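The values are calculated or read from the model by the stated rules, or taken from the named source; none is laboratory data. Values in this document were obtained by computation on a predicted structure and should not be read as measured data. For neighbour counting, all protein chains shown are included, and Cβ atoms are generated from backbone atoms with ideal geometry for every residue, glycine included.
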Amino acid sequence: IGTPDNNSDNSYHVVNGSAVTSPTKLAGYTITSGNADQGIPEDDPNSSAGGLYIEAGNVFPVFCRFTDNSAARGGAIYIRELGQAGRIAQCTFDNNTADSFGGGFGGAIMILATSSPIITQCRFTNNFSPAGGAIYMSNECDPKIVDCLFANNSSHNGGAMLISNGSNPDVRSCTIVENSASVVGGGVLVTGVTSAEPTFDNCVIWDNTDSSGGGKEAQIYSDDTYDTQNPVVNSTCILGGWSGLGGAGVINVDPQFADEAFRLSSGSPCHDAGDNTAFPGQFLQEDLDGHDRFVDDPLAPDTGNGAAPIVDMGAYEFQVCEGDIDGDGSVDPLDSGFVLSRFGCDVGTGDPNCDTGDQNGDGLVDPLDVGFVLARFGPCE
């Protein structure tokens with residue numbers, strides 16, 4: 001609108017979903033460059049949600065991309081008085097900001113006033129806000145956040161999330177990695193004048209940084225200045241480990257990321273290490289990529305809780321890729337070389353590398369196994 005490549009005179013909200021009484025799906029749109037810069041007074045709706053504004057409405061975005069939106073509160077989405085019916089699914093949030101006119105809450109999403117949306121299979125990357133780089137929630141909000149990636153978001157406090165004032169989000173099967181805060185809570189900050197009890201299950205929380213560095217305190221920080229905060233962590237890979245509430249199934253081992261999307265390498269200690277009983281069965285049995293959950297990684301021991309196959313930690317589930325012996329996401333000469341180096345070995349005698357070399361399962365490591373691998377050359381899908 002107006003001056004090209006200048007958002008200053010753009011619409012306050014690209015979409016206003018307030019007071020929409022019938023459930024309405026917003027599907028497949030790119031929502032970009034909204035600029036809710038009114039700023040004053042604080043409760044002015046035109047200071048919130050450059051992308052999608054929802055107050056007591058029923059608009060549910062799916063398969064949407066929110067990018068380059070800005071506001072004082074909730075750079076991409078502002079949610080208030082939504083209750084438990086709302087859902088945000090399979091959306092991408094990147095390069096949204098909430099940092100203007102005395103605001104600065106929730107670079108991608110701000111959730112307020114007993115709103116408890118379900119957020120599933122979403123990616124949050126490179127968002128910024130002084131409070132809650134990707135998500136800020138306050139005032140007794142209890143969202144469910146499942147199968148989501150939070151990476152490279154930044155803030156002064158709460159690089160990925162800031163949870164405050166009695167909010168109790170249920171965070172499951174998420175990857176929270178390489179977020180940063182200039183003060184505290186590189187990954188997550190839990191704070192407020194009333195106690196909050198967020199739960200984290202089957203997650204990977206790793207390499208988040210704040211003013212203390214990149215250690216244990218930077219992953220999840222509890223600020224007990226005004227009231228005792230009570231985050232609960234179970235069946236999660238978290239840098240530095242966990243000494244707070246919960247602790248069952250927590251590991252402090254390099255998760256072995258395979259790519260820039262923070263998928264895990266085959267044999268990762270986070271594979272087959274989650275808790276099947278904590279997996280949210282009311283949701284689709286799929287990971288962030290839309291692949292099936294509960295897939296066994298033959299190179300990883302079953303260290304989690306439940307009968308095999310055991311769910312993985314983090315937003316992604318290991319997937320079988322025939323021929324990708326080293327688990328690097330591609331069938332290539334390294335895999336065919338693995339087979340060649342084991343030609344003629346004795347299959348079924350206790351040597352797992354020999355057994356792996358028998359790619360076609362005929363009891364021999366021979367040219368047919370090399371052909372099996374060569375026929376599958378290329379990236380895994």
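Overview of values
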item: Inter-residue pairs, beta-carbon under 9 Å, first more than 16 Å from C321 (Cα to Cα) and in the stretch 352-381, second outside any strand (DSSP E or B) and basic (K, R), 6+ apart; result: N353/R342; C354/R342; V365/R342
item: Candidate set from the stretch 201-219 (those that are touching a Gly at 6+ places or on another chain (Cβ under 6 Å) and crowded, with 24+ Cβ neighbours inside 10 Å); member that is farthest from D147 (Cα to Cα); result: D210
item: Conditions (1) in contact with a helix residue (DSSP H, G or I) (Cβ under 9 Å, 6 or more places away or on another chain); (2) closer than 21 Å to T125 by Cβ; (3) of a type in the set (S, T, N, Q): number failed by N234; result: (2)
item: So G323, is it crowded, with 17+ Cβ neighbours inside 10 Å and closer than 22 Å to A261 by Cβ; result: yes
item: Every pair of residues 6+ apart whose Cβ atoms lie under 6 Å, when the first sits in the stretch 305-334 and is free of Cβ contacts under 8 Å to residues at least 12 places away in the same chain while the second is surrounded by fewer than 21 Cβ atoms within 10 Å (Cβ to Cβ); result: L334/D326
item: Single residue of the stretch 164-210 satisfying the filter (of a type in the set (A, V, I, L, M, F, W, C) and in contact (Cβ under 8 Å) with a residue 60 or more places away in the chain) that is nearest to N276 (Cα to Cα); result: C203
item: Options F343, F318: the member that is of a type outside the set (A, V, I, L, M) and closer than 26 Å to D254 by Cβ; result: F318
item: Test: residue in the stretch 359-381 that is closer than 30 Å to S235 by Cβ and touching a strand residue (DSSP E or B) at 6+ places or on another chain (Cβ under 8 Å); result: yes
item: The listed residue being under 30 Å from the mean Cα position of the chain (by Cα), exposed (fewer than 14 other Cβ atoms within 10 Å of the Cβ) and under 24 Å from C270 (Cβ atoms), out of A307, A300, A315; result: A307
item: Test for P198: is it closer than 20 Å to Y78 by Cα, modelled with pLDDT of 95 or more and out of contact with any Gly (no Cβ under 8 Å at 6 or more places or on another chain); result: no
item: Members of the stretch 335-381 found to be farther than 27 Å from R263 by Cβ, part of a loop (DSSP other than H, G, I, E, B) and either under 35 Å from the mean Cα position of the chain (by Cα) or among the aliphatic types (A, V, I, L, M) (or both), listed by number; result: V347, L364, V365
item: The stretch 254-296: number of residues that are touching a residue at least 24 places away in the same chain (Cβ under 8 Å) and out of contact with any strand residue (DSSP E or B) (no Cβ under 9 Å at 6 or more places or on another chain); result: 10
item: Residue, farthest from the chain's Cα centre (by Cα), within the stretch 196-251, restricted to residues that are hydroxyl-bearing (S, T, Y) and part of a strand (DSSP E or B); result: S222
item: Count - residues of the stretch 309-340 that are touching a Ser or Thr at 6+ places or on another chain (Cβ under 9 Å) and of a type outside the set (S, T, Y); result: 18
item: Some residue of the stretch 249-263 being out of contact with any His (no Cβ under 6 Å at 6 or more places or on another chain), at positive phi and among the hydrophobic types (A, V, I, L, M, F, W, C); result: yes
item: D147 charged (D, E, K, R) and either surrounded by fewer than 24 Cβ atoms within 10 Å (Cβ to Cβ) or in contact with a Gly (Cβ under 6 Å, 6 or more places away or on another chain) (or both); result: no
item: Residue selected from the stretch 266-279 under the condition surrounded by fewer than 21 Cβ atoms within 10 Å (Cβ to Cβ) and in contact with a Gly (Cβ under 8 Å, 6 or more places away or on another chain), by the criterion farthest from C380 (Cα to Cα); result: T277
